[in-house]
Amino acid sequence: MGKRDELIAQYADDLKNKCGMNPDMDLLTKVTIGCGPAIYNADASTVASSQESELETVKVNFLMKKLGLSDGPELMEAIHSVVEIYGKSERNKYRAVVYYMLTKHFGKEAVYS
């Protein structure tokens with residue numbers, strides 16, 4: 001099992017045990033691959049949910065550019081909702097898990113097909 005497969009298994013575990021979701025492994029794999037080399041970097045692989053600038057980056061680079069959503073208050077509300085589900089006290093919020101939940105939230109799975 002390669003490093004990426006180990007990370008995907010870890011993300012699936014987080015989705016099951018911390019977020020109460022049964023992950024679509026195919027979509028999770030595609031979202032993880034879409035994150036690129038960031039998943040191997042300790043800092044880039046997580047989302048610093050307490051920093052507004054980081055949440056703004058998720059909104060612009062992922063929700064607007066990748067998923068093609070229009071800017072509006074619902075984007076930041078969705079990010080805060082996902083952070084809430086993941087658990088505010090959870091120190092490591094993995095970027096791939098956050099992106100997966102946002103993709104599901106907006107029903108944008110087709111972006112990865």
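The values are calculated or read from the model by the stated rules, or taken from the named source; none is laboratory data. Keep in mind the model is a prediction, meaning the values are calculated, not measured. Reconstructed Cβ throughout: ideal geometry from the backbone, glycine too, with neighbour counts over all protein chains shown. Quick note on the areas: whole protein, heavy atoms, side chains included, nothing else; ligands and nucleic acids left out. Shrake-Rupley method; radii C 1.70, N 1.55, O 1.52, S 1.80 Å.
Would you please state which residues of region 96-113 a label at GLU74 would reach in this model, taking the label point 7 Å out along Cα→Cβ and a backbone N cut-off of under 20 Å? Flagged as within label range: 99-112. If you count Lys pairs in the chain whose Cα atoms are under 13 Å apart, skipping same-chain pairs closer than 8 places in sequence, the total is 7.
Ignoring everything except DSSP H segments at least 4 long, calculate the 222 nm mean residue ellipticity for the chain; use -39,500 (n - 2.57) per segment, divide by total residues, nearest 500. Helix contribution divided over all residues of the chain: -15000 deg cm²/dmol. Relative to its Kirkwood radius, the Cα radius of gyration of the chain gives an Rg/Rh of 0.92.
The peptide list 84-94, 7-17, put in order of mean Cβ contacts within 10 Å with the highest first, becomes 7-17, 84-94.
Surface composition of the chain: carbon plus sulfur atoms hold 48% of the accessible area, using a 1.4 angstrom probe and ignoring ligands, DNA and RNA.
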